[in-house]
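Nothing in this text is a laboratory measurement; each read-out follows from the coordinates by a stated rule. This structure is a prediction, so every number in the text was calculated from the model and none was measured. Cβ placement follows ideal geometry from the backbone for every residue including glycine, while neighbour counts extend to all protein chains displayed.
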Amino acid sequence: MQQFDRRSFLKTIGVAGAATLTGLPALALRDTGIEQLTILHTNDTHSRIDPFPDNDPNFPGQGGYARRSHLIKMIRQENPNLLLLDAGDVFQGTPYFNIYGGKVELKLMSKMGYDAAAFGNHEFDNGMDGFLDVLPHADFPFLVANYDFSKTILKNKIKDYIIKEKDGKKIGIYGLGIQFKGLVSSAMYGDTIFIDPIEKAREVEDVLWRKHRCDLIICLSHLGFDYEDDRISDTMVAANTKHTDIIIGGHTHSVLDPPVQVQNQLNKSVNIAQAGYGGAYLGRLDVFFNKRDHQNFIESYTTKI
């Protein structure tokens, strides 16, 4: 996906310098040859069904599934051409998970209309039996391309990638998961095999790019944003791939506002986004496809809930 200077982009569609594309009605944009895709994202929500208490030192009164649902509904009214994604660790963190095992989270996310979620390390917390028990309550797929579940009860239950069609555009979305050895008890992941994330990212993005001809490729990652040691991170995936346009990440509880841009192997910018912890923020990226010259622009920010 080509990207170019925001000011030049606005000029080509007749919008004055300081204006934002997100402030323009979708119909007005179409008249200029621009199509808008809104991507909303969360990560590491950790069973935080209710808002944080008012005396919380980090997120006083923020978050909660009801507030998130209301905000998502308002944005859908503004632009129904929308994807809703989660970058993993939906489970674990409040008594809701201890009592109901993830059923509440998945039912509520399904009602909100999530399109996909990454498989985070805390999705193993009740073992694969526990995950499989509640999976039917998810009306969306969990994605992770670099976990081989073929010798486990999750065989054929988790997808490497999906393709969504939005307003005539093909959006490829694939998942990457963190190394679980040393992070998750072996009793919980059983015979699951971990595959190098960069190797798998290159393989899957090539399929999405060459075979499926996707207009946009998103990696839904639970690797973590960046590390001081040699652990594989989102920045490493971005720098070592060719066709991935956006990485929506989790695990490190980072608030990337605006997203960080890393140059890939073709010297193109990859946007890396992450929206904190506990559902206190909702991330948003607006991708604008210019039908006239096939160049695209991304605007993005996070919103406190």
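Taking the Cα atoms only, what angle lies between the long axis of helix 65-78 and the longest principal axis of the chain, rounded to 10 degrees? On a 0 to 90 degree scale, this one is about 20. Close amide H pairs (under 5 Å, H built 1.01 Å from N) link Ile178 with Asn121, His222, residues at least 5 positions away or on another chain. Label zone (Leu132, point 7 Å along Cα-to-C-beta; backbone nitrogen cut-off 12 Å) within segment 147-170: 150-158.
Of Met109, Met74, the sequence from fewest to most neighbouring Cβ atoms within 10 angstrom is Met74, Met109.
Take the alpha carbon atoms of segment 108-147, find their center, do the same for segment 270-291, and report the distance between the two centers in whole angstrom. The two parts, judged by their Cα centres, are 20 Å apart. Considering every alpha-carbon pair of the chain, the percent of pairs per 20 Å bin, from zero through the bin containing the longest distance, is 35, 58, 7. Full extension of the chain segment joining Lys169 with Gln261 gains 30.8 nm, where the gain is 0.36 nm per residue of separation less the Cα-Cα distance. Length gained on full extension, Ser150 to Phe194, computed as 0.36 nm times the residue gap minus the Cα-Cα distance: 14.7 nm. Temperature 4 °C, viscosity 1.567 mPa s: under these conditions the Stokes-Einstein estimate for segment 101-193, based on its Kirkwood radius over C-alpha pairs, is 93 µm² per second. In terms of overall dimensions, segment 151-275 has a Cα radius of gyration and Dmax of 14.8, 44 angstrom.
Taking every alpha-carbon pair under 8 Å whose residues sit at least 6 apart, the chain reaches a relative contact order of 22 percent.
Remark: segment 124-141, residue by residue, has Karplus-estimated 3J(HN,Hα) of 8, 5, 9, x, 5, 5, x, 5, 5, 4, 9, 4, x, 7, 9, 8, 8, x Hz, where x stands for each Gly or Pro and the curve is 6.51 cos²θ - 1.76 cosθ + 1.60 at θ = phi - 60°. With a cut-off of 12 Å between beta carbons, the residues surrounding Leu106 carry a summed charge of -2, where Lys and Arg count +1 and Asp and Glu -1. Which value at 222 nm does the chain reach when only helices count, each DSSP H run of 4 or more adding -39,500 (n - 2.57), with the total divided by all residues and rounded to the nearest 500 deg cm²/dmol? Taken over the chain, the calculation gives -6000 deg cm²/dmol. The string of couplings for segment 235-246 from the Karplus curve (6.51, -1.76, 1.60, θ = phi - 60°) is 5, 5, 4, 4, 6, 10, 10, 10, 10, 7, 8, 9 Hz, one whole number per residue in order, with x for Gly and Pro.
Restricting the calculation to Cα atoms, segment 210-288 shows an Rg/Rh of 0.97 when the hydrodynamic-style radius is the Kirkwood one. Residues of the chain were split at every exposed loop site, defined as trypsin sites (Lys or Arg not before Pro) in a DSSP loop with at most 13 other C-beta atoms within 10 angstrom, and the longest piece left, sites excluded, is 1-150. Straight-line cross-link partners of Lys200 among the lysines, defined as a Cα under 22 Å from its Cα and at least 8 positions apart when in the same chain: Lys151, Lys155, Lys157, Lys159, Lys164, Lys170, Lys181, Lys211, Lys242, Lys268. Distance between the modelled labels on Tyr227 and Lys159, one decimal in nanometres: 2.9 nm (7 Å Cα→Cβ projection). In summary, the lysines within cross-link reach of Lys304, defined as a Cα separation below 26 angstrom excluding same-chain residues under 8 places away, comprise Lys73, Lys103, Lys107, Lys111.
When only the Cβ of Lys, Arg, Asp and Glu is charged (+1, +1, -1, -1), the dipole of segment 6-304 relative to its Cα centre reaches about 1060 debye. Maximal additional length on extending the Asp54-His70 stretch stands at 3.8 nm, based on 0.36 nm per residue less the C-alpha distance.
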